[in-house]
Ligand SMILES: [Fe+2]
Ligand SMILES: [Fe+2]
């Protein structure tokens, strides 16, 4: 620091950069400038010829002034004064201690403290992956997030749902009593295998759709991102467990109807998160709650019953998120109800071109519902399937009322809903 005793300036900080390239030195200078006060002086020594060329321009762009420069022969030295327009880092939080729940836990809902707890209504894209609450250096790059408002993705119950999702995880290898699977009459095993094929097929859509939207969510809204990650893991487990059941007991994967693929494709191609949440979580997975309850009720073996019972608990969380999210979005902007009607109409129009029924699945549900394939069992099964369709319609309407739709709109949308259930 001795070089400038002559001019009577004492630097507040120094950057020693002998032998270093210009790029890293400019970063060191930027960091050092951020750490000193306005009017303070930074001493920089070293660098290459490029630094000598660039330092003046860098100072002009970054609100600093070169107050002296000295060619010491081997190394050059500069004194830079920080001006009032220099980018400043804010002060990070310090001294925060999250409370312990029950004396030991820290739940997600407990972390809303200080800057970390400050969830903005609108988030810029240039915070990227900076954890919410950290102090970001000025000049960050923009990220390709498209869901940049809280209303786009939030749900009031999100922290609680995330907590539930973690504590209710299960393992499709270990937690299903696979050893209790006994041979079944062929028509019944075929029916179970057909239903498992259909369920697995739908689970692919349930996995791919949140996976598609997750990277579009601004990372300021990390709670919905974490929750979507649990949905994706749930759906992976559902694909696994339904496929395993089809393969486990002397049957195998059965038929896939084109109508199912058209229906799922129309869901996958929906690029609007609000409409997609409504179609997938409220209508599709909502309808699946009733389907899974039907399968559990009529399951011919304890393994099938346990699989759909567990899957249904998982789906309940997905539906709860969808209902809370869409309801909140509609409160935020009630005119968006028109988009929901339109999304159901568009999808119904796409599916008009298909047969609108899935004979293998309806047959399988009939056999399951009647307990076998004799005429009497089919008659009983047919009645059970008609009741299932009625209760699906009924509960779909109830869920839409919870979301905030009026009864005529809910009835109309329920009628338009895909015969594929999802
Ligand atoms: Fe699922
Ligand atoms: Fe789901």
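Answer with yes or no whether residue 182 is away from ligand 2 (no atom under 16 Å from the Cβ), over 11 Å from the mean Cα position of the chain (by Cα) and more than 23 Å from residue 143 (Cβ to Cβ). Talk me through it step by step, then tell me what you get.
Values: away from ligand 2 (no atom under 16 Å from the Cβ): yes; over 11 Å from the mean Cα position of the chain (by Cα): yes; more than 23 Å from residue 143 (Cβ to Cβ): yes.
Yes, satisfied.
May I ask you to verify whether residue 246 is within 17 Å of residue 183 (Cα to Cα), touching a helix residue (DSSP H, G or I) at 6+ places or on another chain (Cβ under 7 Å) and free of Cβ contacts under 8 Å to residues at least 24 places away in the same chain?
Working: within 17 Å of residue 183 (Cα to Cα): yes; touching a helix residue (DSSP H, G or I) at 6+ places or on another chain (Cβ under 7 Å): yes; free of Cβ contacts under 8 Å to residues at least 24 places away in the same chain: no.
No, not satisfied.
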Quick one: residue 92 ticks every box in (1) under 18 Å from the mean Cα position of the chain (by Cα); (2) outside any helix (DSSP H, G or I) bar one, so which box is it?
(1)
Please state which one of 220, 237, 216 is out of contact with any helix residue (DSSP H, G or I) (no Cβ under 7 Å at 6 or more places or on another chain) and buried (at least 19 other Cβ atoms within 10 Å of the Cβ).
237
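With the condition being assigned by TED's automatic domain parsing to the domain that holds residue 410, away from ligand 2 (no atom under 14 Å from the Cβ) and modelled with pLDDT under 95, I'd like the helices (runs of 4 or more DSSP H) fully within the stretch 205-301 carrying at least 2 qualifying residues. Spell out the reasoning first.
Details: elements: 222-248, 258-268, 273-277, 285-298.
Those helices (runs of 4 or more DSSP H) span 258-268.
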Which of the following residues is out of contact with any strand residue (DSSP E or B) (no Cβ under 9 Å at 6 or more places or on another chain) and away from ligand 1 (no atom under 16 Å from the Cβ): 203, 261?
261
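The values are calculated or read from the model by the stated rules, or taken from the named source; none is laboratory data. Source: prediction; values computed, not measured. Glycine gets a Cβ as well: all are built from the backbone with ideal geometry, and neighbour counts include every protein chain shown.
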